[in-house]
Amino acid sequence: MIHQRTLAALEFYKISERLAELCESSAGRGRALALSPLQSFEEVLLAARIYEESAVCFSADSGFALSSFPDMGDLLDHAALPGQNPYDVEAFWAMRETLRLAHNAHKAINAPEAERHWPNLLRIALAVPLPVQLTAALSRCISDDALIQDAASPELYRLRSELRRMHQTCTRKIRDFALQYNISHYLQDEFITLSSDRYVLPLKGNFKGQLQGIIHDWSQTGETCYFEPMFLLKLNNRLQELKHEERMEEQKILAYLYGLVLAEITGVRAALELLVQLDVLQAKRRMADLFDGHCLTLSTPEGGIELLDARHPLLALEHSALRHSGRGDREKNGSFRVRPLHIQLRPGEQTLIITGGNAGGKTVCLKTLGLAAAMTFSGLPVPAAKGSHIPWFKRIDAFIGDEQSLEDSVSTFTAQIRHLAKALKYLDHTSLVLLDEFGAGTDPAEGAALALAVCDALLERGAFVLAATHFPALKSYALTREHVRAASMLFEPETRRPLFKLAYDQVGASQALHVAREHGLPQSIIDRAEQYLLQYGRESSDILDRLNALAAQREKELDKMFQERQKAQNALRKTKESLENERRQLYEDVRSKAKEVLQAWKEGRVGHKGALKEMSQLRASLASARASGNGSSAAPAENFRTGQPVLHRAFNKSGVIAGIDERRGRLRLSLNGVTVWANIEDVSAYPAGTEQPRPLHALRVAGRKTEAEALRIDLRGMNAEEAVRAVDRFVDRALLAGRPEVEIIHGRGTGALRREIHNFLRTISSVERFATAPEDRGGDGMTIVSLR
């Protein structure tokens, strides 16, 4: 539980106000203003997952963007009340727009990839079915301009059609009347008009008494009278009857729609709830974009606290507003910059005591952690770097700011003691307590002693504590007490201006005299204070100043090292990307050239030896590219041994070392029974953990799998057509691999398959000769082919 007093001290409600400003609808704004921390660990985890699904996947993949929609909350609350239908046409139009948008949102969420990318958002959308019949009826009955459409019912269509015919009849009769009696020059306007829902003529005032009829009204100037001729009397009476029938039919339609609302009110509420949740989620994403925020990871209490590059959320929002409004001069001149903080309590540490100068950022540090925790537990993103984490706190208590009350005769010190006394019995290892200058409102010695005792009590209960103080006793406590860590807000040694950075495992001076000088206190008083300081604490102050200077120098060096490391990493990444692009392009060029060589050889435009020579050159260029891409130099000859499995990078073939020529830097390799000499730089040790090369007698390739890697192909079980195609591919790949001889197993059988294979081999120009194998190698069940 986070008490409202703590939320007010952390200014959480200002965050909810900013969130409300980013919502599209009044209903969403109301939900944002009512936002508060959730009550359980599971609820916070679910809220974080839903936000991440919405921010990372749904908003990017679905293309759905929520627009403004009417708030139907009050209308739905009155819908079930007994009595007359409270809805008018505009209310039904608002409901139509809301349901239409809800159905669009539902369709976007219920996409094929939803279960994989945003399952929790999908469950919200599918929790209650949306009203289908009401949505269809509203689309049919209510127009875009909030009117009842003619197609709402057959009777309404008939009545309005007759009304349009009446208008045409009246217009025609008046035109004929004006021509017959030549009264056009007495008309103020060219057309007829309506007065009291009756068709009338706008006549000039001096024409009064010239015709029989009824004057219904006069203009404000008195120059025009609205005159109903007697021949229009019957038509106007019929017009009134039709108007009355039209109104009655419209009431029936509204009553019908109201009945549908009552029947499907659960679905209507679900549609509104879905839109409100999407509106708040969209506002959260917009807020995260303003300050580059993320949802913090929840850890166990044993994992400690880690806020990386954390900024105070309200300051980060103000900074974003200044940047987007174009008023960035404050940022340029340095008067307004948000410095990120690294707030850390390592595993086993419970209390962080922060010291340092006035106006140095101690209170901001406390509020940053407290507000970040409250926002996390409310499902909001936080301006902190990824990798940040905090434990789940069931309770947060903040003792920050002036809590005095003149009406209750309570001072700040008294108010803090009262609140601490009430909260103490509820605090445990799932609690966070923020103490800002606790005990400062009374005698310094007693206040320091009380602050030490309170820290002891909180440690015993296992609570996490962040305390900001100027008490020397607490500074010593921070450096000596187990499970307590000290930190100091740094300042610039030369100018004494705050750096708004935390330095850990040290304490800092308060800088009171410098702050007083900066804020206009007379120099004479400052000089007198320095004289008093010489009597009491100058030596310790000098030591703290020296520690601060060393820590500030260390922070500058660390920042510089970090920037240099980032620069080196970026340069390395760009170099690797460039090399990879060049290597990939070379591979593509080699592959394309190889296809051209193979095609030229098949078409007879290049001979067998010429094709092999060109392929050898391509392999050499590819091997060079691989060597440069790997960035590795050749291994010395002594690193290899006879019988060692190796990889020939140029051929991309595995083999075994059959001999070593150290003088020439060459290795004799056995590659699937073929012996070749290779330069050492083209050979690398066989990759660990991969399958070792198999001996020649173990190679037996079936059908169409890896013929090009073997010396033989087995065609048994194939028909003649399949066998011929397989041999054609096998011979091509054998030629490209440089094989001088291959074996084709076709079996004995009737000899039909052997004859087909032999007839086909005679048509291949690259086959020098072929014959059946000796009996000890398979006899006439296998053919041995020699290649040119």
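Where a number appears in this text, it was derived from the coordinates with a stated rule and is not lab data. All of these numbers come straight from a predicted model, not from anything done at the bench. Cβ: placed from backbone, ideal geometry, glycine included. Neighbour counts: every protein chain shown.
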Query - For the stretch 13-165: rounded, prolate or oblate by the Cα gyration tensor [a/c cutoff 1.5] - result: prolate
**Report entry** Among ALA94, ALA127, LEU138 the positive-end extreme of the charge dipole of the stretch 93-162 (Cβ point charges)
**Finding:** ALA127
Requested in this report: Could you tell me which GluC sites (Glu not before Pro) in the stretch 355-458 are loop residues by DSSP with no more than 11 other beta carbons within 10 angstrom of their beta carbon?
Outcome: GLU407
Report summary line: Karplus ³J(HN,Hα) for the stretch 143-151 (6.51 cos²θ - 1.76 cosθ + 1.60, θ = phi - 60°; Hz, whole; x = Gly/Pro) runs 8, 5, 9, 6, 10, 7, 7, 4, 6
Query - Lys, Arg +1 and Asp, Glu -1 on Cβ, resulting dipole of the stretch 346-452 about Cα centre, debye, nearest 20 - result: 600
Requested in this report: Could you quote the convex hull projected area for the stretch 342-484, Cα atoms only and averaged over all directions, in nm²?
Outcome: 9.3
Requested in this report: For the stretch 708-788, just the Cα atoms, rotate onto the principal axes and tell me the three extents in Å, largest first.
Outcome: 32, 28, 22
Report summary line: Given backbone amide H placed at 1.01 Å from N, residues whose amide H is under 5 Å from that of TRP392, ignoring those fewer than 5 places away on the same chain, are SER299
**Report entry** Listed pairs LYS204/LYS234; LYS284/LYS501; LYS14/LYS284 exceeding 19 Å between Cα atoms
**Finding:** LYS204/LYS234; LYS284/LYS501
Query raised in the report: Which values, in whole Å and largest first, are the semi-axes of the equivalent ellipsoid of the stretch 189-329 obtained as the square root of 5 times each eigenvalue of the Cα gyration tensor?
Result: 69, 28, 8
Query - Prolate/oblate/rounded label for the stretch 409-487 (Cα gyration tensor, a/c 1.5) - result: oblate
